[in-house]
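Inspection log for the structure reproduced underneath, given as structure tokens.
The values are calculated or read from the model by the stated rules, or taken from the named source; none is laboratory data. All values reported here derive from a predicted model rather than from experimental measurement. All Cβ positions, even for glycine, are placed from backbone atoms using ideal geometry, and neighbour counts span all protein chains on display.
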Amino acid sequence: MSHRFLGVIIAVWSLAVTPLSGGGPAAISLKDASGKLVEPLARQGQKATVLFFLTTECPIGNLYSPEINRIVGHYKEQGVTCHAVYTHETLAEIKTHQREYKLSLGALLDPELKLARLTGATVTPEACVLGPDGKVLYRGRIDDRAVKFGTVRLEPRVRDLRLALDAVLAGKPVAQKFTKPIGCYISFPEPSGSSLPKKSN
């Protein structure tokens, strides 16, 4: 499975807040680890929804497991719902990963990349904060501990996701809506019938 993850990516970000389309937030249903259909973006009383895009094999994503758990616990009572989103793993791999890293948030299976496409996520680990109306209020890194692939600070200098959530919960705009995550590619299939030539080295 290592061929899926090609190293470091610095994503290209849009300048505007990204609205969700295709029938609205509630139109997306994904299976969780128990096989139950979940509408992660539906209005269910939450003040915000956080999607953590993860893979089982990305070392940077695995490094962030304790901080993800801390964020889930800290913001749960404040009306924030969190989901881990896996795009390519099997159910068995996801259950093993959640158990080994003691992840305290539910897992969603997104093999068709519905959430990745709608939010613009391209990297793992990457966090997306969405409001009740389905708009992406923040997308990017969890914090700035990962300087580059293989280089990680002991402590972050900027806790980007926490700052974004604090702003949203206070009813304020997020100061830095998009940040550049460091991690592993999410593998998107090439469009069928594409006539564009592949780039050569």
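Looking across Ala164, Ala116, Ala127, Ala84, one residue alone is more than 24 Å from Ala27 (Cα to Cα), in contact with a Phe, Trp or Tyr (Cβ under 7 Å, 6 or more places away or on another chain) and touching a residue at least 24 places away in the same chain (Cβ under 8 Å). It is Ala164. Is there a residue being at pLDDT below 95 and in contact with a Gly (Cβ under 7 Å, 6 or more places away or on another chain) anywhere in the range 61-73? Scanning the range 61-73 turns up at least one residue that is at pLDDT below 95 and in contact with a Gly (Cβ under 7 Å, 6 or more places away or on another chain). Would you check if Val147 is touching a residue at least 24 places away in the same chain (Cβ under 8 Å) and over 25 Å from Leu30 (Cα atoms)? Judged against the criteria, Val147 is a match.
Of everything in the range 39-56 that is touching a residue at least 40 places away in the same chain (Cβ under 8 Å) and surrounded by fewer than 17 Cβ atoms within 10 Å (Cβ to Cβ), the residue that is nearest to Pro181 (Cα to Cα) is Lys47.
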